[in-house]
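> Here's a structure for you.
Each value in this text was obtained by applying a stated rule to the coordinates, not by laboratory testing. Bear in mind that the values here come from a model prediction, so they are computed numbers and not experimental data. So basically every Cβ, Gly included, is an ideal-geometry build from the backbone, and we count neighbours across all protein chains shown.
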Amino acid sequence: MSAPKAAIFGCAGPDLTADERAFFRDADPLGFILFARNVDTPERTRRLVEELRSSVARAEAPVLVDQEGGRVARLRPPHWRKAPPARLLGELYARKPELGLEATKLNSRLLAADLVSIGADVDCLPVLDIAFPETHAVIGDRAYASQPEPVAALGRAAAEGLMAEGVMPVIKHIPGHGRATVDSHDRLPTVSAPRELLERTDFLPFKLLSDLPWAMTGHLLFEAIDPKAAITVSAGGVQDVIRSHIGFDGLLLSDDLSMQALGGSLGDRAARALAAGCDIALHCNGRMDEMVDVAARTGSMTEAAEGRFEAGRRFCARYRDPLGRAGLADAARRVAALLPEWG
């Protein structure tokens, strides 16, 4: 069998259309990502996940969800639990580190269980960006803390909680989005901090968690790394910073190519991201014309990318130890007790 296309796509709504099914069958992307527009009842959403996998005839095709808690949650009440933002977990950690780690790991188990309920198996979590005074609100309370060590500790707990319930974590936004003062959904942030400072702060949580199997880039331009290109499309940035300095050798996804931080056509963005060293081009908005453009400029996964994907599956499987229904109910009560201000 040939390797899947080095792409992950979204779709337009809560039901797969005939055109989407035909496109995905022919394009054969690695997997898919769901957003709020795709989510309805658990039954309908689970059916969509099944249809997405059926369209590429691969039961193991990954299905991603941005289910962080707080503002960034695609699965919401009344069908799914309301989860706290990262900052609240970080504040508990600052007061009582052991309880902060416990709450974070249990909370991630519960997030994972919600994904499993619809058949999804990848959560774009943990966010390892540091909260600086200048950090744009697009990150805001999605960041655990203002120092790299607590961010790394809480990120590790979150990732292990996800994997325990059988869900793949994705560390983001590598090598660090915290110094961005503009929203990369709208335009490209430029960071002028010197490399030595970046290595001591922004890059450090990713370095400490570089053994984790998946990561997502941030669309930022670091003047000290590559003054001409965002990290996502910078060969020097990917190889020198992400692969070499940070030491991440897992599956590297671009952030959403339909964000406006990157110039050029969607197909050009995908081609540049893959040429720079990303393993997978991520396109999220479900627009057919853009997906066609991305698919036209995206080849099959490389042998190295396939190896990273399979290694990630094995890595995640080592942590699998699901709580079961009663254990998850206990976990929910424990998190509520640890975070009485949330709810």
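> Hey, any idea what the orientation-averaged projected area of the convex hull of the chain's Cα atoms comes to, in nm²?
15.4 nm²
> Right, another one. Using alpha carbons only, what's the Rg to Rh ratio of the range 131-265 with Rh from Kirkwood?
My calculation puts Rg/Rh at 0.94.
> Long-range amide H contacts for ALA6: which residues qualify at under 5 Å (H placed 1.01 Å from N, peptide plane, sequence gap of 5 or more or a different chain)?
GLY299, SER300, MET301
> While we're looking at this one, here's another question. Please compute P(r) over all alpha-carbon pairs of the range 151-220, binned at 10 Å starting from zero, and give each bin as a whole-number percent.
19, 46, 28, 7
> To continue, here is another question. Taking each pair of distinct Cα atoms in the range 1-147 once, what is the resulting Kirkwood hydrodynamic radius in Å?
16.5 Å
> Also, I was wondering about something else. P(r) tail for the range 1-58, what percent of Cα pairs lie past 13 Å?
Counting every Cα pair in the range 1-58, those more than 13 Å apart make up 56 percent.
> Just the number: Rg to Rh for the range 249-290, Cα atoms, Kirkwood Rh, two decimals.
On the Cα set of the range 249-290, Rg over Rh gives 0.95.
> Restricting to DSSP loop positions (anything but H, G, I, E, B) with no more than 16 other Cβ atoms inside 10 Å of their own Cβ, which GluC sites (Glu not before Pro) remain in the range 190-265?
GLU223
> Continuing with the same structure: Per Stokes-Einstein, at 20 °C and 1.002 mPa s, what whole-number D in µm² s⁻¹ belongs to the range 45-106, with the Kirkwood radius over Cα pairs as the hydrodynamic radius?
Calculated translational D: 154 µm²/s.
> Which lysines does LYS207 reach when only Cα atoms under 26 Å apart count, and residues fewer than 8 places away in its own chain are ignored?
By straight Cα distance, LYS207 reaches LYS96, LYS105, LYS172, LYS228.
> A further question on this structure: Report the residues of the range 259-282 in range of a label on ARG58: point 7 Å along Cα→C-beta, backbone N strictly under 13 Å from it.
280-281
> Once amide H atoms are built 1.01 Å from N in the peptide plane, which residues 5 or more positions from ALA180, or in another chain, come under 5 Å H to H?
Sorted by chain and number, the residues that satisfy this are HIS136.
> With unit charges on the beta carbon (Lys/Arg positive, Asp/Glu negative), name the residue among ALA229, GLY267, HIS219 whose Cα is farthest towards the positive pole of the charge dipole of the range 219-272.
GLY267
> Give, rounded to the nearest 20 debye, the magnitude of the charge dipole that the range 159-290 has about its Cα centre when Lys and Arg contribute +1 at Cβ and Asp and Glu contribute -1 at Cβ.
Value, rounded to 20: 260 debye.
> Starting at 0 and stepping by 5 Å, how many percent of the alpha carbon pairs of the range 236-343 end up in each bin?
For the range 236-343, the binned pair fractions read 2, 10, 15, 15, 13, 10, 10, 11, 10, 4, 0 percent.
> If you don't mind, there's one more thing I want to ask. Within the range 225-239, whose backbone N sits under 12 Å from a point 7 Å along Cα→Cβ of ALA275?
Within reach of a label on ALA275: 233-235.
> Go through the range 86-143 and name the GluC sites (Glu not before Pro) that are in a DSSP coil and have 11 or fewer other Cβ atoms within 10 Å of their Cβ.
Sites meeting the loop and neighbour criteria: GLU134.
> State to the nearest 20 debye the size of the charge dipole of the chain about its Cα centre, where the only charges are +1 on K and R beta carbons and -1 on D and E beta carbons.
Once rounded to the nearest 20, the dipole reads 660 debye.
> Can you tell which of PHE203, PHE35, PHE315 shows the greatest fluctuation in a Gaussian network model of the chain with Cα springs below 10 Å?
In this elastic network of the chain, the residue with the biggest mean-square fluctuation among PHE203, PHE35, PHE315 is PHE315.
> What is the magnitude of the charge dipole of the range 240-329 about its Cα centre, with +1 placed on the Cβ of each Lys and Arg, -1 on the Cβ of each Asp and Glu, and no other charges, expressed in debye to the nearest 20?
Dipole magnitude for the range 240-329 comes out near 400 debye.
> Convert each backbone phi in the range 208-217 into a coupling constant with the Karplus relation 6.51 cos²θ - 1.76 cosθ + 1.60 (shift: θ = phi - 60°), then list the ³J(HN,Hα) values in order as whole Hz, x for Gly and Pro.
So the J values, rounded to whole Hz, are 5, 10, 5, 7, 5, x, 10, 9, 10, 6.
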